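Got a structure for you, written out below as structure tokens; questions coming shortly.
No value in this document is a laboratory result; all are computed from the given coordinates. Everything quoted here is computed from the prediction, not taken from an experiment. Ideal geometry is used to build each Cβ from the backbone, glycine not excepted, and the neighbour counts take in all protein chains shown.
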């Protein structure tokens, strides 16, 4: 005899993934003793971008791009940094700053250094092969450091949020099915 499970969220997800008709197709109410319930809760596989945010820094300032939620996990997938400066700018540096989960020190990514007394534009992009989880409730900023400047920088990030409950559903389903 198989193990019963009673998680309606998982049943709904199975119907959506398999394109089952909601009212006529049935999802089994128990799992066979030779087949185990598997729920993929790895954020590396659920890379649907639902956050795209930009911020601007002018001259020697910083601007907020995004503040990560305090009740969900945020994973960054990529970023873009666009810089425009005029000939009067000296010693410029532009970057995006993030705080990686588990590390209290903010880290600079997407660094763009400017040439002194030179008109310059640059655009840098990157996409991460594996998402990076950021610390909850921290601010992602775009920053300019300069001695003298007429510089404008736009920083953009994109990524996705995951409700912790989504991860726990897989464990909950296993516990309900008596598998864990």
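Between residue 133 and residue 90, what is the spin-label point distance in nm, taking each point 7 Å from the Cα along the Cα→C-beta axis?
Once both label points are built, they end up 4.6 nm from each other.
Convert 4 °C to kelvin, take the viscosity as 1.567 mPa s, use the Kirkwood radius over C-alpha pairs of the stretch 51-162 as Rh, and evaluate the Stokes-Einstein diffusion coefficient in µm²/s, rounded to a whole number. Don't skip to the end; give the middle numbers.
Numbers: Rh = 14.1 Å.
Estimated via Stokes-Einstein, D reaches 92 µm²/s.
Another question, then. Could you work out the relative contact order of the stretch 51-162? I mean the mean sequence separation of Cα pairs under 8 Å and 6+ apart, divided by the number of residues, in percent. The partial results should precede the final answer.
Details: 350 pairs, mean separation 54.3, N = 112.
Once normalised by length, the contact order is 48 percent.
By average Cβ neighbour count within 10 Å, what is the ranking of 149-161, 97-109 from highest down?
On the way: 149-161: 21.0, 97-109: 14.1.
The most tightly packed comes first, giving 149-161, 97-109.
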